Amino acid sequence: MLGLITLLLLLVIILIVILVYFYIHRKLSRFSSTFFGTSDFFEGLAKQKQEFESEPKTPFGMESLLLPELMSDFPFMNVEEIKRLAEENILLYFESISTRSIQNFGNISGKLKEEIMEGIHKAEKNNTSISDIDIHKTVLNSYTKYNGICTIVFQTTLGYQFGFRDSLSHIEDRINTEFIYVYDDTKTSAQDLISLKCPNCGAPIKGLKHKICPYCEAGLIDLAPRTLKFNNLVRK
């Protein structure tokens, strides 16, 4: 008798689970049909994700607030020139992924170079492709100073084709590029970030507080843009 009761309870539980499943499935189908245009909820989510990725993005920046502060601290910096450098480095990054060979980025951190190499190996393994890169806009995203290091981050919006060679999808994206500038090497122990040399005689220069090379007396004011190190690249 006890065994029969146990069996009946088990059947009731199974029946309740089935009814709940069909109830939830029906609700999800209605929701998906209303908001996604398909009765398959997961197909609707995938469609929504694809539509979101293909919509143009707006860059997030605080240029109107940060630019006056940056120019007050470092009046010799040409922000528009650094923006172009950020965009060029993004194009070099995608070219590195596409050609499976790291390009000449110039002054780049060792950490970022390793990350780009990892991206190349991953793309080669998965046989992915990137093409038709179209950069829309670049804005100043953040600016900080700490322990003798100035960190400048730009955000760039762009579109490109991504996927397998026979199946590419259009992606609209945001990418942050980070540049490091060591303005006082006496306050930092990050020696890998310090690579200042006189462009005239090649002598090492300790920071840009010196406007004249102590060895050959050449002017150093134009050295500033060359000391920027490309330190990071992140999708946002």
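The values are calculated or read from the model by the stated rules, or taken from the named source; none is laboratory data. Every value quoted in this text rests on a predicted model; they were computed, and no experiment measured them. Counting neighbours? That spans all protein chains shown, and the Cβs are built from the backbone with ideal geometry, glycine included.
Some notes on this structure:
Residues checked against (1) loosely packed, with under 12 Cβ neighbours inside 10 Å; (2) assigned to a helix (DSSP H, G or I); (3) modelled with pLDDT of 90 or more; (4) assigned by TED's automatic domain parsing to the domain that holds K137:
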| position | (1), (2), (3), (4) |
| --- | --- |
| V20 | yes, yes, no, no |
| G37 | yes, no, no, no |
| A46 | no, yes, no, no |
| I82 | no, yes, yes, yes |
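- Consider the range 101-124 and keep the residues that are more than 20 Å from I171 (Cβ to Cβ) and among the basic types (K, R). The one that is surrounded by the fewest Cβ atoms within 10 Å (Cβ to Cβ) is K111.
- Each residue in the range 84-100 was checked for being of a type in the set (S, T, Y) and surrounded by 19 or more Cβ atoms within 10 Å (Cβ to Cβ), and 2 of them qualify.
- Count - residues of the range 138-167 that are within 22 Å of S98 (Cα to Cα) and of a type outside the set (S, T, N, Q): 8
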